[in-house]
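Reviewing the structure listed below.
The values are calculated or read from the model by the stated rules, or taken from the named source; none is laboratory data. Here the structure is a predicted model, which means the values were calculated and not measured. Cβ placement follows ideal geometry from the backbone for every residue including glycine, while neighbour counts extend to all protein chains displayed. Just the protein is used for accessible areas: all its heavy atoms, side chains included, with ligands, DNA and RNA removed. Shrake-Rupley method; radii C 1.70, N 1.55, O 1.52, S 1.80 Å.
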Amino acid sequence: MSTELSVIRINQEGYAEGLPVSAAVLSNEPVALKNAAGEILRVFCPDPAPVDPASGDRVSLLNLGTLEAGDYELGNESGFRRFSVRPAVWDTVTHALVRGLYFQRCGCELSPVHAGIYSRPACHTAPALDWEDRSIRRRITGGWHDAGDYGKYVGPGAVTVAHLLYAWKLFPQGCSGTLNIPESGNGIPDILNEARYELEWILQMQRSDGAFHHKLTKALFAPFIMPHDDREPEYLMPLSFCATGDACACLALAARVYRPFDEAFANRMLLSACHAWDWLQAHPDFVPFMNPEGVRTGWYRGHGDTDARFWAACELFAATGEARYREAAEKLFLSGQQLTQFGWADVAGFGALCCLFDLREKSGDILGTQLREEFLRQSEEPYRLSRASGYGTDLAPDQYVWGSILPVMGGAMAMIMNTMLTGRQDMQDAALLQWHYALGMNALDLCFITGFGERSVLHPHHRPSEADGIDAPVPGLISGGPNNRFCFPHTKEKLGDKIPPAKYFLDETPSADTNEIAIYWNSPAVFVGAYFNALSGAGRKT
Ligand SMILES: [Zn+2]
């Protein structure tokens, strides 16, 4: 990787025919657009750029409009940057983000046929102990490793599945390609095959009373060893309200999605969701999950569970048509929900997806008209932030949190939904800038997805990528990205306190605070990628 960053920042995977081409320019000199023959097509004279507060860069966003398919160069005497414009140009990277989850599979062999050089034996196959009653041993298999560690967490898993299922429901052309996974060719789209691997695990995490265990992890994070070498016992940790609400919602959603393919599986999931809902109804007072003493794995504490209950009520109403779920959803919506949030800490955005695009006319006045108005109002915020940013990124300078890629992609999801409701092109263009951000049009000149782009993340905080003895990281995993809000001493020591937020990033394995990967960061990127991939012609028979 060269150390000299280009003055032209681009989507390093290229641009789609028919969608606007944008580039960020860190030069006040005119820049020329050349075609493959080296002929100058246009010259742009950027206005003197103000300093972008998040990055400290003097940067202008250049909108080149739509360009016909071909190879181009953009730049000036400070340097040119090559890029291509193609139909369905993001098909491979979008599918790689789904396939990245296959590499996170726990409890099964990753065979050379499917995993190539990243093949490995099955991991974590021993029965788990119940943390609260060590006399109970249960064999619970499957699921995805959550992130750079080997823990498995119900809430984050449910959120990941939901991103995938809504991507498939809304933009099937953009994400239904074959993934070369063990189930490929079984007549079911591979994105659903992959999501089912997690759903089967989530189902096993339910207690007999309907509540869900928060997580299945060891007491401490494993060292940087391969998963099949990690043989310390795993524990079923205590129940949690958020896990129960998230699993309830996700399973009710999945029951609708999988019904045409496997009725018995759909019924199993709906029954489980109803059981979880009854437990939530019997336990109205939220109690936050606390790591038991001696446990140091991911906390994933929620600050409340009304968002999860809202989402669950929407999905159960969609799945059953029963009025009691609609009434519950209406009440929870009216209590105030953040409808543009799509992460484990707030899942209300999935309830909005359900109401706006699935329930539609069945929603009624409150979940229909009122919710739509509120959603449109809230989705102006990422748009406003994108407009105020030098790189078009939908974050304020103080919003570069751990896993900042999640709010970036979440904002893009909200803007895509807004466009689908209103037809607003400016919203869609702003959403597209977030996709470009993930793929390299940013202050770091870095593609955050492993294995893609000319300058991409090489040393993610991901145990298999470090321990497998292979130079290249496991492909198709998205890094959390810059974070200056809560940092490890290692990162602080290296970066100090003068680096601006959008550059507070270390491509080093120990920097979990800036460079970890997580299943629930891949999945919103799948949603965004699938939308633009479908829009740019992927999956169409020509
Ligand atoms: Zn495992």
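Considering only LEU239, PHE212, LEU251, the residue lying farthest towards the positive end of the dipole of the range 208-265 is LEU251, judged by Cα position with unit charges set on Cβ.
Basic side chains Lys and Arg get +1 at the Cβ, acidic Asp and Glu get -1 at the Cβ, and with that the dipole of the range 33-180 about its Cα centre reaches some 600 debye. Karplus-based coupling profile of the range 140-148, in residue order and whole Hz: 10, 10, x, x, 9, 4, 5, 7, x, with θ = phi - 60° in 6.51 cos²θ - 1.76 cosθ + 1.60 and x standing for Gly or Pro. Listed by chain and number, the lysines whose C-alpha is less than 28 Å from the C-alpha of LYS331, apart from same-chain residues fewer than 8 away, are LYS169, LYS362.
For the range 271-331, the calculated P(r), taken from all Cα-Cα distances in 10 Å bins from zero up to the bin holding the longest distance, is 20, 44, 25, 9, 1 percent. Place +1 on the Cβ of every Lys and Arg and -1 on the Cβ of every Asp and Glu in the chain, take the dipole about the Cα centre, and give the residue among PRO464, ALA328, SER78 whose Cα lies farthest towards its positive end. Ranked along the dipole, the leading option is ALA328. Solvent-accessible surface of the range 483-542, averaged per residue with a 1.4 angstrom probe and all protein chains in place: 42 square angstrom. Summing charges over neighbours of ALA96, with a neighbour being any other residue whose Cβ is under 13 Å away from its Cβ, gives -3 when K and R count +1 and D and E count -1.
Assign unit charges at the C-beta atoms only (+1 for Lys and Arg, -1 for Asp and Glu), then state the dipole size of the chain relative to its Cα centre in Debye, rounded to the nearest 20.
On the way: 46 positive and 64 negative charges, 115 e Å.
Here the size comes out at about 560 debye.
For the range 22-77, the alpha carbon convex hull comes to 86 Å³ per residue, rounded to a whole number.
Axis of helix 425-438 versus longest Cα principal axis of the chain: the two differ by about 80°, to the nearest ten degrees.
Pop out the carbon and sulfur fraction of the accessible area of the chain as a percent, whole number, probe 1.4 Å. Mind dumping the intermediate values first?
Numbers: 10510 of 20420 Å².
Carbon and sulfur atoms account for 51 percent of the accessible area of the chain.
For the range 269-379, place one equal point scatterer on every Cα, skip the solvent, and apply the Debye formula. What is log10 of I(q)/I(0) at q = 0.10, 0.11, 0.14, 0.18 Å⁻¹? With no solvent term, the Cα-only Debye profile gives -0.30, -0.36, -0.57, -0.88.
With protein chains left intact and a 1.4 Å probe, residues in the range 69-215 average 33 Å² of accessible area per residue.
Computed over the range 191-323, relative contact order equals 29 percent, with contacts defined as Cα pairs under 8 Å that lie 6+ residues apart.
The residues of the range 233-386 present an accessible area of 41 Å² per residue when probed at 1.4 Å with all protein chains retained.
Could you give me D for the range 97-220, from Stokes-Einstein at 20 °C and 1.002 mPa s, where the hydrodynamic radius is the Kirkwood radius over C-alpha pairs? Units µm² s⁻¹, please.
Here the translational diffusion coefficient equals 139 µm²/s.
Taking the Cα centre of the range 25-112 as reference, the dipole from Cβ charges on Lys and Arg (+1) and Asp and Glu (-1) amounts to some 280 debye. Each 10 Å bin from zero up to the one holding the largest Cα-Cα distance in the chain carries the following percent of pairs: 4, 19, 30, 27, 15, 5, 1, 0.
Please report the equivalent ellipsoid semi-axes of the range 364-518, computed as sqrt(5 x eigenvalue) of the Cα gyration tensor, largest first, in whole Å. Provide the component values of the computation, followed by the final result.
On the way: eigenvalues 200, 56, 39 Å².
The three semi-axes for the range 364-518 are 32, 17, 14 Å.
The range 39-94 to the range 242-267: how many Å between their Cα centroids? So the two Cα centres are separated by 43 Å. Here the range 456-542 is described by how far its Cα atoms reach on the three principal axes: 54, 33, 19 Å, from widest to narrowest.
Along the charge dipole of the chain, which of GLY537, VAL295, PRO50 sits closest to the positive end, that is, farthest toward it, with unit charges on the beta carbon of Lys, Arg, Asp and Glu (+1, +1, -1, -1)? Toward the positive end, the furthest listed residue is GLY537.
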